[in-house]
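Undergrad: Below: one structure in structure tokens.
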Amino acid sequence: MRDLGKGTGEIAATLLNWYDRNARELPWRTGPHARARGEWPDPYHVWLSEIMLQQTTVAAVRDYFLRFTALWPDVTALAGANDDDVMGEWAGLGYYARARNLLKCARIVQQTHGGSFPDTRDGLVALPGIGPYTAAAISAIAFDRPETVVDGNVERVVARLFDVHAPLPSAKRELTVLADRLTPEQRAGDYAQAVMDLGATICTPKSPACGICPVRPACLAHAAGTAADLPRKSPRKPKPTRYGTVYVAHRTDGALLLERRPGKGLLGGMLGWPGTEWGDAPDDRPPFDANWTRLTGEVRHTFTHFHLILDVCHTTVANDFAPPAGQFIEHANFRPSDLPTVMRKVFDLWRDH
Ligand code: SF4
């Protein structure tokens, strides 16, 4: 096992001390002073924020979190929410399986656990949408259990503290073992957030601010001059490009034809425009016969595993037209914000024409 210049207990104490003075104020967080006064975080807030923060930045999550908690202030309210309302509020945040699992999880917590989240990692990981990382984070932050929480920030800090040169993702296991060595028995929730804050504000990816870092005396990468190169990452495979066509049908009274996508799969359960499958080559299969016009320009969007290029076709139909699938949404009831980002880009292109 690698050696640090300082005892690992001392590193945790130093980070907690730094966190007491520098913790970021986040709407879902119960800060260190409130915790010291005996206030506990609301597990509903911790859970909701952790689900929203999966693959998403703090800046993007903040407004969504505030809107969700204003609309549904506790898990009972969320469990009773209308599915379409929740999917609409989630629109734009991406990774829509999270929203479907959010509702499933809220309903199980309400129906099976009497509206209280389980307070252990094992109890939490049994719920929909909660993987090992999120279970550890909720268990540590909401219930102060000494769980080791390893997200991207923590991986970076630990790789640097221990000067680990093995590339991610294969180094994950080693980094988790090392992170576990640092986790204290007391104040595990504050400690988890302290490391996340250090990674987000000082030990940042490109240019770590080692000059103001509280754990610099113990940091092996700083001593070796390798901090900015860590963590190493295995080269990624280039993403393939997929193609498709979407069809914007517009009634003369201003209503727009939309359809709810199937519950499973990419953008599952979200509103979208009728369109072709997304494949290796452009395809053109309108949802019904009409005088379709292809718009100039295209919509480009990147998902986790592929780039997408969409052609957009448009037609206008009479007010009494009955579509074979989907539903016309009246102009007054249509909110572009209910659409996932890629579908909103289609709307923007169409509107600009
Ligand atoms: S000294 Fe530099 S590299 Fe080491 S933990 Fe601090 S900011 Fe990160």
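Undergrad: In the chain, once you exclude exposed GluC sites (Glu not before Pro) (DSSP loop, at most 14 other Cβ within 10 angstrom), what's the longest stretch remaining?
TA: The longest such stretch corresponds to 40-184.
Undergrad: Here is the link list: Lys104/Lys264; Lys237/Lys264; Lys172/Lys233. Which ones come out longer than 19 Å on Cα distance?
TA: Over 19 Å Cα-Cα: Lys237/Lys264.
Undergrad: Which of Arg236, Arg260, Arg285 ends up with the largest GNM mean-square fluctuation for the chain, with Cα atoms connected below 10 Å?
TA: Judging by the Gaussian network model, the answer is Arg236.
Undergrad: Considering the alpha-carbon set of the stretch 247-291 alone, what are its Rg and its Dmax in angstrom?
TA: Answer for the stretch 247-291, Rg first and Dmax second: 12.2, 36 Å.
Undergrad: Check cross-link reach from Lys239 to the aspartates and glutamates: straight Cα distance under 15 Å, and skip same-chain residues fewer than eight apart.
TA: By straight Cα distance, Lys239 reaches Asp280.
Undergrad: Still on this structure: Working from the pairwise distances between different alpha carbons, so that the mean of 1/r is found and then inverted, what is the stretch 126-165's Kirkwood radius in Å?
TA: One decimal place: 11.2 Å for the Kirkwood radius.
Undergrad: Calculate how steeply helix 152-161 sits against the longest principal axis of the alpha-carbon atoms of the chain, using the helix alpha-carbon long axis, and give the answer as 0 to 90 degrees to the nearest 10.
TA: 30 degrees
Undergrad: Using only Cα positions of the chain, each an equal point scatterer, no hydration layer, compute I(q)/I(0) via Debye at q = 0.10, 0.11 Å⁻¹ and quote the log10 values to two decimals.
TA: -0.74, -0.85
We did not get these values from a lab; they are worked out from the coordinates using the rules stated. Remember, predicted model here, so these are calculated numbers, not experimental data. So basically every Cβ, Gly included, is an ideal-geometry build from the backbone, and we count neighbours across all protein chains shown.
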